[in-house]
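S.K.: Following this message is one structure expressed as structure tokens.
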Amino acid sequence: MKHNNIEALLIDYLEGKLNPEQMKEAESILAGNKEYANMIGAWSQIKVEPDYSVMYKHKDALKRQNVIVMPIWSKWAVAATVALALSCALWVWNSNGIQNQENDLASVQKLDKTETSESIEHQNIKNTPSTSSSSMLNQLLGSNKSIIKQESRDIATQQASIVQTKQWKPIDTNSSESISLNENKVKSVVQSESPMSKLSTIQAKVDYQPTSEQLNFTMNQPQVKYRSKALATIENSLFTDAYTGLREEVKDKLKELQPSQIKNSLRNSSFFSEFRDALVPTSLEETLAMNK
Amino acid sequence: MTVQEYNLSVELYADGVFRFMMKLTKQDSDSDDLLQTAYEKLWRNYSNVDFEKVKSWLFTTSYRLFIDGKRKSRTDYTDSLQDTPQIGNEDNFDLKEVLNKALEMIPAIQKSCILLRDYEGYSYDEIGEILELNEAQVKVYIFRARVKMKQILTEKFNVTGV
């Protein structure tokens, strides 16, 4: 038997854990080996006892209060939640900023519209102009033209930045339905026969504002707020361009009209009164002078 | 294990673990550090530790911390005979003191087995779990440790009758 096995066997012998056969084997080993026999004899004496005077003095420092211990993963979860909340807050804040900008523009338009109505009323004009969008646009292009242009430039710059950073790709606007629609409408106005019908048609077309669907504008990422802002930018731009082009064509058409026809138009057309600021004295006087 | 049971484990077992560490490190400050680290680990995992096994958990953790510390300091922890205490007038020692002196002169692994057996009354398989040994190895280490201690008592301390 190996030493290791003998030592383990003798331990069990001392512990009284051997069966009768193992007991005989152990006794035979002890009878044949004096050292083992002496060791077993002294076994009970070779034992150490703990020194109970040695005590840990800082137990209170080890004790804990009944607090919730957060595992490591929960700390990451909290961090992720905070980051998500901050992102949401930033998104909402940014959205509100865009909405406020849109609201500001809308209030400017509303204010101008009101002021236009009031000023016209004070002037006691017989044919009171309607508060149509052509009037509103006329006022906007007149008194607030610079503001709108500046704002349009800012929005266009922002939109260009957004398109660049977010890789949004507006569909080719040159081929979009809205632009061709406006061009066709302008052409149809210019080509119409009766001056009055021309003017009324023009007024109707100036009232026209392209809708988001007509603009046929899409982006790779459906960010609603950014989308509406970008659409508003394009709408403003198209509307302005359409009005400017229309006005120029009206000027050209007026050159072809007889003075009497123009005078009648001035008296009878509420639309023309709205265009008066834009056309008189320059265009109209020039036209009359030319026709003379 | 609850927080109350954690605190109870401090009350019940901190002294035993501290004495165990004191015998292994022979340094009060080292023992203090190891004990605090073991309880810090227990606090982080107390909800996963069964209170009935917390004593064994504490001894196992503190022993492993001791071994890791020894490995980091590149000290041969299995041979503490290099740290043989200076022996003065051997005739003045009583048997208990002499046994403790002899205990300091045996290898750390044998000393750990003896301490867990004699101090804490662990069974051989429990000692094996704590020290990561099998039961037979524990028995062999304990047998050889007592043989060595008896030899030291006889040869170095002139103790007769053992």
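S.K.: Can you tell which of B:Ser112, B:Ser123 is in contact with a helix residue (DSSP H, G or I) (Cβ under 7 Å, 6 or more places away or on another chain), of a type in the set (S, T, N, Q) and not assigned by TED's automatic domain parsing to the domain that holds B:Arg64?
M.R.: B:Ser112
S.K.: Looking only at region B:88-118, count every residue that is of a type in the set (Asp, Glu), modelled with pLDDT of 85 or more and not in a helix (DSSP H, G or I) and tell me the total.
M.R.: Of the residues in region B:88-118, 1 are of a type in the set (Asp, Glu), modelled with pLDDT of 85 or more and not in a helix (DSSP H, G or I).
S.K.: Checking the structure you have, find out if any residue of region B:70-87 is at pLDDT 85 or above, outside the structural domain of B:Leu131 (by TED's automatic domain parsing) and surrounded by 16 or more Cβ atoms within 10 Å (Cβ to Cβ).
M.R.: No, there is no match, as no residue in region B:70-87 is at pLDDT 85 or above, outside the structural domain of B:Leu131 (by TED's automatic domain parsing) and surrounded by 16 or more Cβ atoms within 10 Å (Cβ to Cβ).
S.K.: Let me ask another. Could you list, in sequence order, all residues of region A:9-50 that are facing chain B (nearest Cβ under 7 Å) and over 17 Å from B:Arg146 (Cα atoms)?
M.R.: Scanning region A:9-50 gives no hits.
S.K.: Under the condition of being part of a helix (DSSP H, G or I) and more than 11 Å from every other protein chain (Cβ to nearest Cβ), which residue from region B:17-33 is nearest to A:Pro50 (Cα to Cα)?
M.R.: Going through the qualifying residues, I end up with B:Leu24.
S.K.: Further question on the same structure: Just name the residue that is farthest from A:Met39 (Cα to Cα) out of those in region B:131-143 that are at the interface with chain A (Cβ under 7 Å from one of its Cβ atoms) and in contact (Cβ under 8 Å) with a residue 12 or more places away in the chain.
M.R.: Here the residue is B:Lys139.
S.K.: While we're here: Considering only region B:150-160, I want to know if a residue exists there that is over 14 Å from the mean Cα position of the chain (by Cα), without any contact (Cβ under 8 Å) to a residue 12 or more places away in the chain, buried (at least 18 other Cβ atoms within 10 Å of the Cβ) and part of a helix (DSSP H, G or I).
M.R.: Checking region B:150-160: not a single residue is over 14 Å from the mean Cα position of the chain (by Cα), without any contact (Cβ under 8 Å) to a residue 12 or more places away in the chain, buried (at least 18 other Cβ atoms within 10 Å of the Cβ) and part of a helix (DSSP H, G or I).
The values are calculated or read from the model by the stated rules, or taken from the named source; none is laboratory data. The model shown is predicted, which means the values in this text are computed figures rather than measured ones. Heads up, the Cβs are rebuilt from the backbone with ideal geometry, glycines too, and the neighbour counts pull from every protein chain shown.
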